Structure formats: C-alpha cells, structure tokens
Amino acid sequence: MSAVFAQYRAAVRSFNRSLRHPRHQAFALAVVVVLVSGVVFYRLVEGWSLADSLYFTVVALSTIGFGDLAPTTTFSRLFTVLYALVGVGLIGTLVHLVVSNAQQAIERPGPGSGGAEN
C-alpha cells in the first residue's frame, strides 16, 4: 500500500511542478474555461441544473458518454460536437505536457541522487 501512496505522491508532485510552466498553465486555464463554458451553455440553452450541466460536460469531455443526458436541439448538438472536439484536444494536450514533464524529471536525476552528472 505504501508503494501505491508513494507513486501517487510522485504523480501529484510532478503535476504541481508541471503547472509552474507558463505554457502548461495556459492549457490548464483553457481546460477550465472550456469546462465552465460548457456548464454555462447547457444551463442556459438546455435548462439543465448546474449539477447536470457539469456532469454532462465531464462525461462528454472524458469521452465516456453514458447517454443518460443528451442535447435536445440541433444547435445544442452542433455545439456539443465542436465542444467535444476542442475539449478532448485540450485535455489530451494538457495530459501530454504533464506526462512529458514527469518523464523528463525521471530521466534527469537531481543533485545528490547518485546519477551521473553531465
């Protein structure tokens, strides 16, 4: 169990380090803006509650698609298509940046870690 906890802590530290980079911050902010815009859109256009709107945006952007909520108008459906394409792309890019940062941190040993110095 402690090994799993140690891996979790390392992942959280890597994510925090990654978000210190301005480019990563910009992508994280873009993901938040996309989530909030989806919630507002579905709240106003579909009339869903805030909870249902947030639930649908997360389900849509995570590509789960349970199907229990669905846009009812053509306009909402077209928005959802574009929304999912943009949102999935942004989230995928952010995940790539964070994972790349973690890999670089693993490959680049810090001082006192016993690794070879270049």
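The values are calculated or read from the model by the stated rules, or taken from the named source; none is laboratory data. None of the values given here were measured: they were computed from a predicted structure. With ideal geometry, Cβ positions are generated from the backbone for all residues, glycine too; neighbour counts draw on all protein chains shown.
Within region 27-68, how many residues are over 16 Å from the mean Cα position of the chain (by Cα) and of a type in the set (Ser, Thr, Tyr)? Lay out the reasoning, then the answer.
Of region 27-68, the ones over 16 Å from the mean Cα position of the chain (by Cα) are 40-53, 65-68.
Narrowing further to those that are of a type in the set (Ser, Thr, Tyr): 42, 49, 53.
Adding up the residues that qualify gives 3.
For region 78-96, the count of residues that are within 23 Å of ARG23 (Cα to Cα) and in contact with a His (Cβ under 8 Å, 6 or more places away or on another chain) is at least one.
Within region 12-24, is even one residue out of contact with any Gly (no Cβ under 6 Å at 6 or more places or on another chain) and modelled with pLDDT of 90 or more?
Just the residues of region 12-24 that are out of contact with any Gly (no Cβ under 6 Å at 6 or more places or on another chain), to begin with: 12-24.
If we keep only those that are modelled with pLDDT of 90 or more as well, we get none.
The answer is no; no qualifying residue exists.
Name the single residue, out of those in region 36-60 being surrounded by 15 or more Cβ atoms within 10 Å (Cβ to Cβ) and hydroxyl-bearing (Ser, Thr, Tyr), that is nearest to THR72 (Cα to Cα). It would help to see each step written out before you state the result.
Looking only at region 36-60, we keep the residues that are surrounded by 15 or more Cβ atoms within 10 Å (Cβ to Cβ), and these are 37-39, 41-43, 45-46, 48, 52-57, 59-60.
Cutting the leftovers down to hydroxyl-bearing (Ser, Thr, Tyr) gives us 37, 42, 53, 55, 57.
Numbers: SER37: 18, TYR42: 10, SER53: 13, TYR55: 16, THR57: 15 Å.
Top of the filtered list is TYR42.
Regarding ARG43, is this residue of a type in the set (Lys, Arg) and modelled with pLDDT of 95 or more?
Details: of a type in the set (Lys, Arg): yes; modelled with pLDDT of 95 or more: yes.
Yes: the conditions hold for ARG43.
Residues in region 72-99 that are surrounded by 15 or more Cβ atoms within 10 Å (Cβ to Cβ) and over 13 Å from the mean Cα position of the chain (by Cα): SER76, PHE79, THR80, TYR83. When TRP48 is tested against (1) among the hydrophobic types (A, V, I, L, M, F, W, C); (2) assigned to a helix (DSSP H, G or I); (3) farther than 22 Å from VAL98 by Cβ, just one condition goes unmet, and that condition is (2). Of all residues in region 58-97, those that are among the polar types (S, T, N, Q), assigned to a helix (DSSP H, G or I) and closer than 19 Å to ALA28 by Cα total 1.
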